[in-house]
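To start, the structure under review is shown below, and the notes come after it.
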Amino acid sequence: MLVTVFFTTFLVSSKRCSRNKNVQNSTSLPEFHFIQLSEVPDLQPVLFGLFLSMYLLALFGNLLIILTVSSDSHLHTPMYFFLSNLSIVDIGFISTTVPRLIVDIQTHFQVISYVGCLTQMSLIIIFACMDDMLLTVMAYDRFVAICYPLHYQVIMNSNRCGVLLLGSFLLSLAELLLHYVAILNFSNCEDFSEISNFFCDPSEVLKLVHLNPVINTIFIFSIGTLFGLLPMSGILFSYFKIVSSILRTSSSSGKHQAFSTCGSHLSIVCLFYGTGIGLYLSSFLSHSPRNNAVVSLMYTVVTPMLNPFIYSLRNKDIKTSLRKILSRTF
């Protein structure tokens, strides 16, 4: 049902924009222009090589996590099930922006069509929200594992894990639909030309909508509260309970094992929310488009690239499985 509503909304938005554009050109839709990360010609090959390397590194790291989890039966647990899905989402997240950025740097043509912009924005919203929801679910998984270890297998059964994953996806679609309800207010599409970022950032697209500034601000803060603050509150609550449970444990080895189990996930949470909050605040506080673009790079490129390496470097089970795979391969 949500998917049907989404595509109906998409078509209505496109047709409305097309009608407004009909006076000037009856067959074409408007185009959006991105900003350049740097206007220095000598830096273009450097940026091209840098982003290509980061993209390949992110693909390699996340695919390695997926391969490791799927090939080792000892890792077929809820914790690593959600981790492998997080890696899949990270691949989709970084693939939505970086390949397009690499092509734009190479061709010096920072232009995207109306439909292409809406498609890119849609994928960014879905993957970013999925990242958010999966990190929350993983925090809940750690909470159950540490606070209710005897009931862990019963609570986090395969059906529950599937429902949590499906719920994360449906909430991502809900956030996307809320954005589409807002952008249906597109009117004079021919006036929408420049996006102050290197991709169709949802907050930048919303600035192009002829909404009352107060309503626009309320909408952005509502989205941030529903899909940012509430999940983050759930993570903080889970870790508050986890730390309380760990401190009541008398065994020092048990404390160390519990902290090491949660350390990787907590590092990714800090990285994801730290860059996310920076991106969220920069859209309000910074008046420099390039500063916003740099913060966006941290959120959309650096975070998906570092996530698998944080887990592989800090997680003993992952490292053990990687050694087994490498020993069988070589």
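The values are calculated or read from the model by the stated rules, or taken from the named source; none is laboratory data. Quantities reported herein were computed from a predicted structural model and do not represent experimental measurements. Here the Cβ is made from the backbone with ideal geometry for all residues, glycine too, and neighbour counts use every protein chain on show. Accessible surface areas use protein heavy atoms only, side chains included; no ligands, DNA or RNA. Shrake-Rupley method; radii C 1.70, N 1.55, O 1.52, S 1.80 Å.
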Condition test on Phe192, is it crowded, with 19+ Cβ neighbours inside 10 Å, modelled with pLDDT under 80 and out of contact with any helix residue (DSSP H, G or I) (no Cβ under 8 Å at 6 or more places or on another chain)? yes
Residue hits (the range 130-187; part of a loop (DSSP other than H, G, I, E, B), open to solvent by less than 40 Å² (accessible area, probe 1.4 Å) and of a type in the set (Ser, Thr, Tyr)) are Ser187
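For the range 230-260, give me the residue count where each residue is modelled with pLDDT of 80 or more and open to solvent by less than 90 Å² (accessible area, probe 1.4 Å). Write out each step before concluding.
As a first pass, look at the range 230-260 and keep what is modelled with pLDDT of 80 or more: 230-248.
Filter again for open to solvent by less than 90 Å² (accessible area, probe 1.4 Å), leaving 231-235, 238-239, 241-246.
Looking only at that region, the number is 13.
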I'd like to know if the range 92-100 contains one or more residues that are more than 19 Å from Glu175 (Cβ to Cβ), charged (D, E, K, R) and open to solvent by less than 40 Å² (accessible area, probe 1.4 Å). no
Name the pairs whose Cβ atoms lie under 6 Å apart, with the first residue in the range 110-123 and farther than 11 Å from Val205 by Cα and outside any helix (DSSP H, G or I), the second of a type outside the set (Lys, Arg) and open to solvent by less than 30 Å² (accessible area, probe 1.4 Å), and 6 or more positions between them or separate chains? Gln110/Phe34; Gln110/Asp104; Ile112/Phe32
Please specify each residue of the range 196-229 satisfying the condition of being part of a loop (DSSP other than H, G, I, E, B) and surrounded by 12 or more Cβ atoms within 10 Å (Cβ to Cβ). Ser196, Asn197, Phe198, Phe199, Cys200, Asp201, Leu208, Val209, Leu211
